[in-house]
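The values are calculated or read from the model by the stated rules, or taken from the named source; none is laboratory data. As the structure is a computational prediction, the values presented were derived from the model and not from experiment. FYI the Cβ positions are ideal-geometry reconstructions off the backbone, even for glycines, and counts take in every protein chain you see. Please note that ligands, DNA and RNA were not included when accessible areas were found on the heavy atoms of the full protein model with its side chains. Shrake-Rupley method; radii C 1.70, N 1.55, O 1.52, S 1.80 Å.
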Amino acid sequence: MNYRFQNLLGAPYRGGNVVITDDTQLISPVGNRISVTDLSKSQTLTLPFESPNNVSRIAASPSGDLLLSVDETGRALLANLRRRAVLHRITFKEPVSAVRFSPDGALIAVGVGRLLQVWRCPGFKRELFPFELLKTYAGCGGAVTAIDWSPDSGYVLAGSKDLTARMVYTISRDGAIFTWNDDPPSPGTPESKEGGGEEELLHLGKWELLKKDFFMQPSAKLTACDYHRGLDMVVVGFSNGVFGLYQMPDFVCIHLLSISKEKITTAVFNGLGNWLTFGCAKLGQLLVWEWRSESYVLKQQGHYFDVNSIAYSPDSQMLATGADDNKIKVWTVSSGSCFVTFSEHTNAVTAVHFMAGNHSLLSASLDGTVRAWDLFRYRNFRTFTTPSSRQFVSLASDQSGEVICAGTLDSFEIFVWSMKTGRLLDVLSGHEGPVHGLMFSPTNAILASSSWDKTIKLWDVFEGKGAVETFPHSHDVLTVVYRPDGKQLACSTLDGQIHFWDPLDGVLMYTIEGRRDVAGGRLMTDRRTAANKSSGKCFTTLCYSADGSYILAGGSSKYICMYDVADQVLLRRFQITHNLSLDGVLDFLNSKKMTDAGPIDLINDEDSDIEEGVDGQRRGDLGYDLPGAMPNRGRPVIRTKCLRIAPTGRCWAAATTEGVLIYSIDDSFIFDPTDLDIDVTPEAVDEALKNAQLQRALLLSLRLNEESLIKKCILSVKLLDIPAVAASIPVRYLQRLIEVFSDLLENCPHLEFLLQWCQELCKAHGNFIKQNSRGLLPALRSLQKAITRLHQDLAETCSSNEYLLKYLCSTGTKI
């Protein structure tokens, strides 16, 4: 299967600046990837390329075609946003603190340490040296943290770490805003002079201080700001979670509100100035707020801590995630957005499970409860508990949804409840270690459980006979899964092997040795190489494909392995990330970074007020030196905690340190060549029809969105050409096309022709229609209504004609 990366869910915003292009496209860094959110459609996608480390600064060209992302080590990528492809790469000498395109898009200003560099922006064509350094300025007095261009791209303003420059307003971190009378230098005046290999900044314009104003937040520092030229407004964010919106130059406070108790790390206007975007790195959330109506446009927050468990809904359209932050989130797979969050659990959520019908969701937690959630009313309608407090780590339900089972970490028991009454029915005892794996057989009521006591047990839950059969192993069993047909059982053990059992005959069918396949990645604190390291070479999660022909396996490694079950061979290894900011990605460490005190990256010798976010994001520095603390001082270690394949078999998800990665064999991005055309007019449609370019004519009419032209193009297609034309339609136009067919079926006499169109559309785009049925539901219902009405009318006509023909035939024989 040619699975490719499609999206990233559940990952929090951890710092860095955000950018808004085209007034509705919100671009934000997520680890070493870039996330793009369409605010008008509430859709989020993650670009397929990665940076070597966590992204700290991003900038978009004024046209919205180019994106420059710079990671925390100074490595930059220039990407084409429309095609989602990397064009050029460059490495700056030092970490970059600010970057900005000029208004005409021809230049890029970059703050590298105390220097301000101006580069020529590369184009779309391939060049040997695409980036050209034009000028380097010094003399800012500190690290350049703010850059702004004049509207004509003639001069650039730069601010040090204590000064943020925005037009003729300068804002300092202590809460002061100064208004200056700006008289910039004339175009013919030289702006720099040579000095020591670098050019010193000269303020040749006349700068006159007009007034001073102060933001009254005595207990907080100013941490984010932005200025909108068209509205002449300033928005500022503070370290106590308060933001303010001010009308300049009179310094009139329009809004002064609190959105959280943590520091606001970014604040940005959109192009029209009606939306404000705020980011809070410590909470991992992004907020888009419409300041005129005082309402939220977007309020997204990923899981701040690791995701432990994921589950697909039966129709593969929703994905549920449970994490260490005690929260459960339900996501729409097609749009990548979270539509509900449950936070009633008081400890880490260890397992989630969808019930049949997509209407309810189960979750198990270390707080000793199993909860059932209603996905219609968004509430907890049932809570399952035990007589004494237990910690649940596994969860399963039978096919009917009447019996709920959960395995414990501390008492080594399996508890059985009734879904209807919520009563505890039975307690299954027999394991001598934590029960980390539970799954019901898809064909009968046999429950399989795996435990660290080196056994797998099969239980007949309904008969209450206890353990029916026990499968012993030589090492601890970490997880167990059934094949979808129920005729095979797979489990992984601590020695890195995958065992396949026949649950009916109780015999071992075959074994896969996966130690070498899962091995890879050396931690910074490891004393052995990645090849010689023995710990972590095992699979902690398994998942069968929809047809049971292959199995996915993942664990404490940067790899996810895909095996062919029948031949027991490795088909493919997926590397889930290349992010060097995580521990365990590199196979070989740099010996230059090893000191007598340990790895130099783990020595906290910083004595500065570095901002929180990508640069200073650590999960609490207080407990790192206590006994039992992580030796790498909280540096995230790459691992895969859960794997799930969608019931349709078209995609699968992995809960990793980076977030929930979605891989799919469907094309998430379809390039439409008509987007390159400038002249999209009715005349162009007629010309295409005249030249028998039916596909092009239909696409142009759909872009124009004129119903008469769309109908004209549909009726111009010959019956034999319908399959080819239907297959070439981009999925973005499906909804509009279905709506047109609904109208045509009610008013057009070409019934067979239109039904052939509908059939070919369903054949070509059936998978997309099924996965996005929620968004296409209004159009599909209109089509169904039109076809049903036609069927009823034709049924009456055909029925009467049938009896008339029978009468005439019988009369003719008598004569």
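Please report the antiparallel percentage of DSSP beta bridges with both residues in the chain, rounded to the nearest 5. Percent antiparallel among DSSP bridges in the chain is about 100. Comparing ALA764, GLY123, PHE415 along the charge dipole axis of the chain, the residue lying farthest to the positive side is PHE415, per the Cβ-charge model. 3J(HN,Hα) along the range 24-31, derived from phi through the Karplus expression 6.51 cos²θ - 1.76 cosθ + 1.60 where θ = phi - 60°, amounts to 10, 9, 9, 10, 9, x, 10, x Hz, with x in place of Gly and Pro.
Across the options ALA311, PHE238, VAL330, the greatest Cα extent toward the positive end of the charge dipole of the chain (unit charges at beta carbon of Lys, Arg, Asp, Glu) belongs to ALA311. If you take the alpha carbon atoms of the range 672-770 and fit the smallest convex hull around them, that volume is 94 Å³ per residue. Over the range 1-67, accessible surface divided per residue gives 30 Å², non-protein components excluded, 1.4 Å probe.
A DSSP coil position with no more than 14 other Cβ atoms inside 10 Å describes the following trypsin sites (Lys or Arg not before Pro) in the range 316-419: ARG377.
Percent of Cα pairs in the range 327-411 per distance bin of 10 Å, from zero to the largest separation: 17, 51, 28, 4, 0. Average projection, convex hull of the Cα set of the range 552-600: 4.5 square nanometres. Annotation: amide H of TRP149 within the under-5 Å range of LEU157, sequence separation 5 or more or interchain, hydrogens built in the peptide plane.
Restricting the calculation to Cα atoms, every distinct pair contributes to the Kirkwood radius of the range 248-345, found to be 15.6 Å. In the range 697-814, Cα pairs under 8 Å separated by at least six residues give a relative contact order of 26 percent.
What the Kirkwood sum gives for the range 375-473 is a hydrodynamic radius of 13.8 Å, with every pair of different alpha carbons counted.
In the chain, helical runs assigned H by DSSP with n ≥ 4 each contribute -39500 (n - 2.57); averaged across all residues and rounded to the nearest 500, the mean residue ellipticity at 222 nm is -4500 deg cm²/dmol.
Counting every alpha-carbon pair across the range 775-815, the share separated by more than 17 Å comes to 54%. Considering every Cα-Cα pair within the chain, what fraction, in whole percent, is farther apart than 36 Å? For the chain, the share of Cα pairs beyond 36 Å comes to 56 percent. Seen from every direction in turn and averaged, the convex hull around the alpha carbons of the range 15-95 projects onto 4.9 nm².
Sites listed here are GluC sites (Glu not before Pro) in the range 235-339 whose DSSP assignment is loop and whose Cβ has at most 13 other Cβ atoms within 10 Å: GLU294. Backbone phi angles across the range 581-594, fed through the Karplus curve with coefficients 6.51, -1.76 and 1.60 (θ = phi - 60°), yield HN-Hα couplings of 6, 9, 8, x, 8, 7, 7, 10, 8, 7, 5, 5, 8, 9 Hz in residue order; Gly and Pro are listed as x. For the range 71-85, putting each phi into the Karplus relation 6.51 cos²θ - 1.76 cosθ + 1.60 with θ = phi - 60° gives couplings of 8, 6, 9, x, 8, 10, 10, 10, 10, 8, 5, 5, 9, 6, 9 Hz, in residue order, rounded to whole numbers and with x for Gly and Pro. Taking amide H positions as modeled 1.01 Å from N, with prolines and chain starts lacking one, the residues under 5 Å from LEU478 and 5 or more places away or on another chain are SER492, THR493, LEU494. Give me the percent of the accessible area of the range 78-142 that comes from carbon and sulfur atoms, probe 1.4 Å, all protein chains in place. Here it works out to 52 percent. Residues whose amide H falls under 5 Å from that of GLY555, counting only those 5 or more places apart or on a different chain, are THR540, THR640, with hydrogens built in the peptide plane.
Working from Cα pairs under 8 Å separated by at least six residues, relative contact order for the range 273-323 is 24 percent. Taking every Cα-Cα distance in the range 308-456 and sorting them into 5 Å bins from zero, the calculated P(r) comes out as 2, 10, 20, 24, 22, 14, 7, 2, 0 percent. For the range 390-440, the orientation-averaged shadow of the C-alpha convex hull comes to 3.3 nm² (one quarter of the hull surface). Restricting the trypsin sites (Lys or Arg not before Pro) of the range 1-52 to loop positions (DSSP other than H, G, I, E, B) with no more than 16 neighbouring Cβ atoms within 10 Å leaves LYS41.
Using a cut-off of 25 Å between Cα atoms, the listed pairs LYS41/LYS329; LYS487/LYS770; LYS221/LYS282; LYS93/LYS261; LYS221/LYS261; LYS690/LYS711 include LYS487/LYS770; LYS93/LYS261 as exceeding that distance.
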